[in-house]
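Visitor: Below are the structure tokens for one structure; questions will follow.
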Ligand SMILES: [Fe+2]
């Protein structure tokens, strides 16, 4: 399978932005060590044993946001050192993302699996420029990306028009009940098979799929009025081990 271009996390954000702007696929990856080599693995595994959740950092710095979650889940002062180290790594990636557009990043973490992400899509934003940096910790497989010309746009549009409300409902059901997607959509075998394989009717050539290296962080372009977005989907392999997904979004109207 083809691979994305890889950059060093120390590369200047302006150079990264330049690469993203020139890239046809609009995505690149940043190597990260596997979770079990990281000094905060015990903290992450503890977060993964808690019921699935999503935490929006809002205006909080990463260390304050993680402290809030950790104090609530594990008691005051638990995992003090680990959470500070994880916060520092999230902060470094957020800084890189912020440098792409010169605006503050919005950061969320989540530990549940959203089945809607299994369908090829672009992330849409209203501002002129926007990028999303994803860093999955403890996920067994990397996200898939494919060139825009590998998606049959009219078929994709019709598919989403029909499926989007159903996928939204499915995401909510999975989040609330933790029920298996296979059971919830047992009556929709064709849609389920496509989610498992990624072979949707609008995908022109299934061979033109690129897998982000397992555990690596990746940055992809959002679709905006001024730029094309990167088509991506998550892998079915992650269905029962969604890991901790760090989601960093940056948008700007000026750059
Ligand atoms: Fe997405």
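Visitor: Return the total of residues in the range 106-138 being in a strand (DSSP E or B) and either away from the ligand (no atom under 13 Å from the Cβ) or touching a helix residue (DSSP H, G or I) at 6+ places or on another chain (Cβ under 7 Å) (or both).
Guide: 8
Visitor: Might you check whether a residue that is within 13 Å of the ligand (Cβ to nearest atom) and surrounded by 15 or more Cβ atoms within 10 Å (Cβ to Cβ) occurs anywhere in the range 179-188?
Guide: no
Visitor: So which residues in the range 40-50 are in contact (Cβ under 8 Å) with a residue 12 or more places away in the chain and either loosely packed, with under 14 Cβ neighbours inside 10 Å or not in a helix (DSSP H, G or I) (or both), if there are any at all?
Guide: Across the range 40-50, the qualifying residues are 40, 42, 50.
Computed from the coordinates by the stated procedures, all read-outs in this text should not be read as laboratory data. Note that the structure is a prediction, hence the values are computed from the model and not measured. Don't worry about glycine lacking a Cβ; one is built from the backbone with ideal geometry, like all the others, and counts go over all protein chains shown.
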